[in-house]
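The values are calculated or read from the model by the stated rules, or taken from the named source; none is laboratory data. Computed from a predicted structure; not experimentally measured. Reconstructed Cβ throughout: ideal geometry from the backbone, glycine too, with neighbour counts over all protein chains shown. Heads up: the accessible areas ignore ligands, DNA and RNA and are worked out on the full protein's heavy atoms, side chains in. Shrake-Rupley method; radii C 1.70, N 1.55, O 1.52, S 1.80 Å.
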Amino acid sequence: MQLKILQVGEPVLRQQALPLTTEEIKSPKIQQLIELMRATVDGSGVGLAAPQIGEPLQLAVIYDKPEYTKNISAEQLALRERVPIPFHVIINPKITVTLDEKIEFFEGCLSVAGFISLVPRYLAVTVECLNENAEPVVINASGWYARILQHEIDHLHGNLCIDHAVPRSLMTVEHYMKYWQEKPIEQLREILQLGTLSDSVRH
Ligand code: ZN
C-alpha cells in the first residue's frame, strides 16, 4: 500500500515536526508508519519525510536504489558523487555541516510534484539521529547522500527545497529532460541568465 503524498500548500508541510520518544518509536503505530513509508518511497523517490504523508513527526526514510541511476551517465553520477544508499530511517535528526561549501544541482520533491530547480546544498554533513529501533546513529555523508539528508531534514522543520532554489531555475521535470539535462551547469546558468556563481558555491 502506498500513502498519499501531500503537495505544497498543505499546512503540515510548513510545520515544525515533533520529536519522538523511545517508547513512541517502538510502538506498533510508528513501526507500521515506517513500513508504509518504505512502501511509499520505494519506486517513487530517494526519501520521504513524515510531514509529507500528513504526520508532523521528526521521522524520515531514505532509499536511493541502484535502479534509479541506471539511465544516468557515469560522468553525471561522478559529478554528483551519487552512490546507492540502502533503506534506512532517521528519527529526531540533528544535522551539522562538515564542509562549509555548497554545490548546485537540480533537485525535486515528491511534494512539489512535476517540478525541479537548482538547489545549492552543503557538500558534507554529519547527522546524529535514532534508527527505527531507537538506537543512536551517527551518519557522515557527502555528495548526493548529504543532499538527500539536507532535503529530508528540511522537511522536519517545515522547509522545502524550493525555499533554497535559485530563482529563475524552476522548471517542469519534462522540460528539464527535454532541454537542460545534458547541459553543463555553466552553460545552463548563462542561458537562464543566472549570473555568476557566488564564491561559496562550486560546481
Ligand atoms: Zn521533499
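If a residue must be open to solvent by 60 Å² or more (accessible area, probe 1.4 Å) and more than 14 Å from the chain's Cα centre (by Cα), how many such residues does segment 85-96 contain? Lay out the reasoning, then the answer.
Kept after step one, since they are open to solvent by 60 Å² or more (accessible area, probe 1.4 Å), are these residues of segment 85-96: 86, 94-96.
Now restrict to residues that are more than 14 Å from the chain's Cα centre (by Cα): 86, 94, 96.
Residues flagged as open to solvent by 60 Å² or more (accessible area, probe 1.4 Å) and more than 14 Å from the chain's Cα centre (by Cα) within segment 85-96 amount to 3.
Return the pair list, or none, for Cβ contacts closer than 7 Å from residues in segment 12-24 that are under 19 Å from His155 (Cβ atoms) to residues that are open to solvent by 20 Å² or more (accessible area, probe 1.4 Å) and in a loop (DSSP other than H, G, I, E, B), at least 6 apart or on different chains.
Qualifying pairs under 7 Å: Val12/Leu6; Val12/Gly54; Val12/Pro56; Leu13/Leu6; Gln15/Pro56; Gln16/His157; Ala17/Pro56; Leu18/Pro56.
Considering only residues that are among the polar types (S, T, N, Q) and closer than 27 Å to Ser27 by Cα, look in segment 116-149 and name the one that is most open to solvent (accessible area, probe 1.4 Å). Don't jump to the end; show me each part of the working.
Within segment 116-149, the subset among the polar types (S, T, N, Q) is 117, 126, 131, 133, 140, 142.
Among the residues that remain, those that are also closer than 27 Å to Ser27 by Cα are: 131, 133.
Details: Asn131: 26, Asn133: 76 Å².
This residue is Asn133.
Hey, any hits in segment 50-68 for a residue that's under 18 Å from the mean Cα position of the chain (by Cα), of a type in the set (Gly, Ala, Ser) and surrounded by fewer than 21 Cβ atoms within 10 Å (Cβ to Cβ)? Give the steps one after another, and end with the answer.
Pass one, segment 50-68, residues under 18 Å from the mean Cα position of the chain (by Cα): 50-68.
Cutting the leftovers down to of a type in the set (Gly, Ala, Ser) gives us 50, 54, 60.
Narrowing the set further to residues that are surrounded by fewer than 21 Cβ atoms within 10 Å (Cβ to Cβ) leaves 54.
Scanning segment 50-68 turns up at least one residue that is under 18 Å from the mean Cα position of the chain (by Cα), of a type in the set (Gly, Ala, Ser) and surrounded by fewer than 21 Cβ atoms within 10 Å (Cβ to Cβ).
Take the residues of segment 150-173 that are open to solvent by 10 Å² or more (accessible area, probe 1.4 Å) and part of a helix (DSSP H, G or I): which is farthest from the ligand (Cβ to nearest atom)?
The initial filter retains those residues of segment 150-173 that are open to solvent by 10 Å² or more (accessible area, probe 1.4 Å), namely 150-151, 154, 157, 159, 162-168, 170-173.
Now narrow it down to the ones that are part of a helix (DSSP H, G or I): 150-151, 154, 162-163, 173.
Numbers: Gln150: 11, His151: 6, Asp154: 8, Ile162: 10, Asp163: 11, Val173: 14 Å.
For segment 150-173, the residue satisfying everything is Val173.
Looking at (1) over 25 Å from Glu55 (Cα atoms); (2) out of contact with any helix residue (DSSP H, G or I) (no Cβ under 9 Å at 6 or more places or on another chain), which is the one condition that is false for Leu118?
(2)
Return the pairs, sorted by first residue and then second, in which the second residue is more than 16 Å from the ligand (Cβ to nearest atom) and outside any helix (DSSP H, G or I), the first residue lies in segment 152-181 and is closer than 18 Å to Glu104 by Cβ and of a type in the set (D, E, K, R), the beta carbons are less than 7 Å apart, and the residues are 6+ apart or on different chains.
That search, which allows pairs on different chains as well, returns Arg168/Leu192; Arg168/Gln193; Arg168/Leu194.
Which numbered condition in (1) of a type in the set (A, V, I, L, M); (2) over 23 Å from Leu57 (Cβ atoms); (3) surrounded by 13 or more Cβ atoms within 10 Å (Cβ to Cβ) is the only one that Met177 fails?
Failed condition: (3).
Looking at segment 6-18, is at least one residue open to solvent by 40 Å² or more (accessible area, probe 1.4 Å), modelled with pLDDT under 95 and more than 13 Å from the ligand (Cβ to nearest atom)?
No, every residue in segment 6-18 fails to be open to solvent by 40 Å² or more (accessible area, probe 1.4 Å), modelled with pLDDT under 95 and more than 13 Å from the ligand (Cβ to nearest atom).
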